[in-house]
1. Against the definition (touching a residue at least 12 places away in the same chain (Cβ under 8 Å) and either surrounded by 12 or more Cβ atoms within 10 Å (Cβ to Cβ) or among the β-branched types (Val, Ile, Thr) (or both)), how does ILE57 come out, yes or no?
2. For the stretch 3-11, state whether one or more residues are of a type in the set (A, V, I, L, M, F, W, C) and not in a helix (DSSP H, G or I).
3. Read through the list (1) farther than 30 Å from GLU2 by Cβ; (2) loosely packed, with under 14 Cβ neighbours inside 10 Å; (3) not hydroxyl-bearing (Ser, Thr, Tyr), then give the number of the only condition that GLY30 fails.
4. Select from the stretch 1-27 the residues that are surrounded by fewer than 16 Cβ atoms within 10 Å (Cβ to Cβ) and either in contact with a Leu (Cβ under 8 Å, 6 or more places away or on another chain) or hydroxyl-bearing (Ser, Thr, Tyr) (or both) and list them in ascending order.
5. Is it true that VAL13 is of a type in the set (A, V, I, L, M) and free of Cβ contacts under 8 Å to residues at least 12 places away in the same chain?
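Read-outs throughout are calculated quantities, based only on the coordinates presented, and are distinct from any laboratory measurement. This structure is a prediction, so every number in the text was calculated from the model and none was measured. When we count neighbours, we look across all protein chains shown, and the Cβ atoms used for this are built from the backbone with ideal geometry, even at glycine.
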Amino acid sequence: MESEVLRYVAAGVSMGLGALGPALAEGYVGGKAYEAIGRNPEAADKITSTLFVVMAICESTGIYALVVALLCIFA
């Protein structure tokens, strides 16, 4: 029984910390991108396309945390 509880706690901690990092990173990246667009509006297209790539990379960290949480529960 204790090992099952520990697996669920580990999954919860994994998702909690795994969601916090990407959320902070995406907010920071988005803010800096809009700051750059405000300073140089002519480069908005290039900055926006780069922004979407970086957001996808940041979000992949959260997906890795989800995989770890699922492995903790079902493995």
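1. Numbers: touching a residue at least 12 places away in the same chain (Cβ under 8 Å): no; either surrounded by 12 or more Cβ atoms within 10 Å (Cβ to Cβ) or among the β-branched types (Val, Ile, Thr) (or both): yes.
Spelling it out, it is not the case that ILE57 is touching a residue at least 12 places away in the same chain (Cβ under 8 Å) and either surrounded by 12 or more Cβ atoms within 10 Å (Cβ to Cβ) or among the β-branched types (Val, Ile, Thr) (or both).
2. No.
3. (2)
4. Pass one, the stretch 1-27, residues surrounded by fewer than 16 Cβ atoms within 10 Å (Cβ to Cβ): 1-6, 8-10, 12-13, 16-17, 19-21, 23-24, 27.
SER3, TYR8, listed by residue number.
5. Values: of a type in the set (A, V, I, L, M): yes; free of Cβ contacts under 8 Å to residues at least 12 places away in the same chain: yes.
Judged against the criteria, VAL13 is a match.
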